[in-house]
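Below is one structure; the comments refer to it alone.
The values are calculated or read from the model by the stated rules, or taken from the named source; none is laboratory data. The model shown is predicted, which means the values in this text are computed figures rather than measured ones. Glycine gets a Cβ as well: all are built from the backbone with ideal geometry, and neighbour counts include every protein chain shown. Accessible surface areas use protein heavy atoms only, side chains included; no ligands, DNA or RNA. Shrake-Rupley method; radii C 1.70, N 1.55, O 1.52, S 1.80 Å.
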Amino acid sequence: MSDGKLEKMDKDFSPQVDILLPETEALAKQGKINEALEKLMSIEKQARNAADQVSTGRILVQIVKLCHEVKDWKLLNEQIILLSKKHGQLKGATSLMVQEAMTYLDSTPDMETKLELIETLRTVTDGKIYVEVERARITRLLAKIREDEGKVSEAANILQELQVETFGSMDKREKVDFILEQMRLCLAKADYIRTQIISKKINIKFFQDKENEDLKLRFYNLMIQHALHEEQYLNVHKFYKQIYDSESIKEDETKWKPVLQNAVLFVILSPFDNEQSDYLHKIYQDPRLAQIPQYQELTKHFVTIELMRWSQIEESYGELLSASAAFNKSTEEGQKRLKELHNRVVEHNIRVIAKYYTRISTKRLTQLLDLNEKDAEEFLSKLVVSKTIYARIDRSAGVVNFQTKKDANEILNDWSRNGT
């Protein structure tokens with residue numbers, strides 16, 4: 001019985017406990033708290049040795065309750081530690097005692113007393129699986145206190161001690177709630193790598209249930225913060241799209257409009273590839289986009305195979321972009337993203353030119369792109385390296401060739417098709 005295992009009860013002490021509880025309560029009210037505790041301890045030992053878990057639990061709860069009623073917080077802490085260390089203490093009884101003591105945390109006279117009780121409860125629950133949920137809740141409360149004191153880094157470290165994903169007795173919703181809190185604190189202390197690691201602990205299938213939508217929104221808002229820091233703009237778009245597809249957002253126009261606007265801005269801000277192009281065309285086909293015409297027009301520029309002038313984009317959408325948080329010119333990030341948007345416009349124009357031209361002079365290319373020769377060549381090189389386009393630059397002749405070099409088989413096939 002020393003390891004706290006549940007064993008067959010030898011004797012039922014319920015009749016003795018029924019008599020003892022009101023008797024000890026009366027003694028405590030008379031100021032005889034020590035006498036009341038001695039009587040309870042005497043029966044507690046007998047009930048514990050007889051493996052009477054129900055009676056032992058009632059006695060342990062009564063002990064902490066009497067200590068609380070007489071407002072002796074020091075005695076309360078001492079009794080909790082003493083009772084938890086008793087030889088062969090029953091698991092169920094310890095759980096009841098911890099749960100009862102947790103209800104007193106809101107009634108402590110000051111912060112020092114509260115922290116002492118929290119530390120006591122964390123000590124007695126350390127390493128015990130049967131009170132892992134209680135320990136997690138107490139630890140979260142301690143982390144909140146530290147955060148309120150401005151010790152964000154300490155709060156994050158405290159909460160990271162908990163590996164709640166392994167807690168079998170914790171409800172799945174509460175687990176996710178804890179993990180989201182860990183993510184939030186990691187972001188608050190700018191630990192982006194750990195945030196990414198912790199986010200992997202959540203299976204996103206959990207968010208398919210409508211009742212978990214509040215947690216889904218919290219998760220994707222945290223992931224947006226992480227992706228913005230990492231400049232993963234396509235991921236930002238995906239996360240906004242997940243929020244946009246949530247029922248509570250779709251039902252409220254004041255909510256879905258700003259979310260859809262951000263989804264548009266970040267998909268056009270993402271570097272071009274097949275995936276980005278797919279998401280861009282999907283959002284352009286969204287019927288609700290017509291309700292925000294300026295954003296629809298901006299998206300249209302990027303899905304249409306036509307040249308764009310950056311000066312015209314600035315003139316037509318400058319105010320719109322400046323009003324958004326993503327392109328706020330007063331922030332360093334906003335200015336950086338505006339420059340990135342210019343890059344996306346140039347890259348779009350190069351893809352259009354590559355589609356319509358087989359050869360073009362460097363001078364004409366710079367005119368179409370509104371760039372100097374050096375910058376035009378740099379953009380061209382980036383797209384060639386990323387295999388978005390094929391191009392060869394003949395500097396001496398001042399010509400750019402976009403025509404892919406054909407091998408002998410392709411030439412013969414072309415000749416054969418033309419012959420027929």
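Overview of results
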quantity	calculated
Close pairs (7 angstrom Cβ cut-off, 6 or more residues apart or separate chains): polar (S, T, N, Q) in the stretch 145-160, open to solvent by 40 Å² or more (accessible area, probe 1.4 Å) and not in a helix (DSSP H, G or I) anywhere	Ser153/Lys189
Qualifying residue in the stretch 85-95 (condition: open to solvent by less than 20 Å² (accessible area, probe 1.4 Å) and either within 17 Å of Asn34 (Cα to Cα) or among the basic types (Lys, Arg) (or both))	no
Looking only at the stretch 254-300, and only at residues there that are among the acidic types (Asp, Glu) and closer than 21 Å to Ile224 by Cβ, the one that is surrounded by the most Cβ atoms within 10 Å (Cβ to Cβ)	Asp286
From Asn235, Asn212, residue being out of contact with any Pro (no Cβ under 6 Å at 6 or more places or on another chain) and farther than 27 Å from Leu338 by Cα	Asn212
Test: residue in the stretch 48-59 that is crowded, with 17+ Cβ neighbours inside 10 Å, under 23 Å from Ile145 (Cα atoms) and modelled with pLDDT of 90 or more	no
The listed residue being over 26 Å from Asp106 (Cβ atoms) and touching a Phe, Trp or Tyr at 6+ places or on another chain (Cβ under 6 Å), out of Ser14, Ser55, Ser42	Ser55
Any pair with Cβ under 7 angstrom, 6 or more apart, that starts in the stretch 231-242 at a residue that is more than 18 Å from Arg344 (Cα to Cα) and ends at one that is among the small types (Gly, Ala, Ser)	Phe239/Ala227; Tyr240/Ala263; Lys241/Ala263
Residue in the stretch 60-67 that is closer than 27 Å to Glu174 by Cα and either part of a helix (DSSP H, G or I) or under 30 Å from the mean Cα position of the chain (by Cα) (or both) present	yes
Qualifying residues in the stretch 329-353 (those that are touching a helix residue (DSSP H, G or I) at 6+ places or on another chain (Cβ under 8 Å) and aliphatic (A, V, I, L, M)) - the one most open to solvent (accessible area, probe 1.4 Å)	Leu338
Every residue from the stretch 267-301 that is hydrophobic (A, V, I, L, M, F, W, C), in contact with a Lys or Arg (Cβ under 9 Å, 6 or more places away or on another chain) and closer than 25 Å to Arg351 by Cα	Val267, Ile268, Leu269, Phe272, Ile283
Test: residue in the stretch 162-169 that is under 30 Å from Gly334 (Cβ atoms), of a type outside the set (Asp, Glu) and in a helix (DSSP H, G or I)	no
Pairs, first within 13 Å of Val346 (Cβ to Cβ) and among the small types (Gly, Ala, Ser) in the stretch 302-315, second in a helix (DSSP H, G or I) and modelled with pLDDT under 90, C-beta under 6 Å, six or more apart	none
Any pair with Cβ under 8 angstrom, 6 or more apart, that starts in the stretch 73-87 at a residue that is within 16 Å of Asp126 (Cβ to Cβ) and ends at one that is among the small types (Gly, Ala, Ser) and open to solvent by less than 30 Å² (accessible area, probe 1.4 Å)	Ile80/Ala101
One residue from Arg135, Arg173, Arg146 being open to solvent by 50 Å² or more (accessible area, probe 1.4 Å) and assigned to a helix (DSSP H, G or I)	Arg173
Matching residues, the stretch 328-354, being at pLDDT 90 or above and among the basic types (Lys, Arg)	Lys336, Arg337, Lys339, Arg344, Arg351
